[in-house]
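Contents: one structure, followed by commentary.
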Amino acid sequence: MSKNAKQKEDLNFEESLKRLEEIVETLEAGNAPLEESIRLYEEGMMLAKSCVTRLDEAKLKLKKIQKNAGGALEETDIEN
């Protein structure tokens, strides 16, 4: 893993999302040279994947186990 990739991995969700927004703004402006645009695109894809993974992990944590009416244990969303 490259040093740059490791640094991106160390970002928390909010930092990753903010950096992803910065990348999108830069790419939408269309002012970056081709090579820089490609690098930014690759970085953005990595950040987007990281954010989705973290959201999926958070969803799993928002589950709880409780007894249903019959007394059996079942997993439900924490919102229920």
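None of the figures in this text is laboratory data; all of them are computed from the coordinates on show. In this text, all values refer to a predicted model and were calculated from it rather than measured experimentally. Ideal geometry is used to build each Cβ from the backbone, glycine not excepted, and the neighbour counts take in all protein chains shown.
Here are the numbers:
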{"quantity": "Peptides 68-74, 29-35 ordered by average Cβ neighbours within 10 Å, highest first", "calculated": "29-35, 68-74"}
{"quantity": "Gain upon complete extension [GLU42, LYS61; 0.36 nm per residue less C-alpha separation]", "calculated": "3.9 nm"}
{"quantity": "Sorted by Cβ neighbour density within 10 Å, fewest at the top, the residues LEU27, LEU55", "calculated": "LEU55, LEU27"}
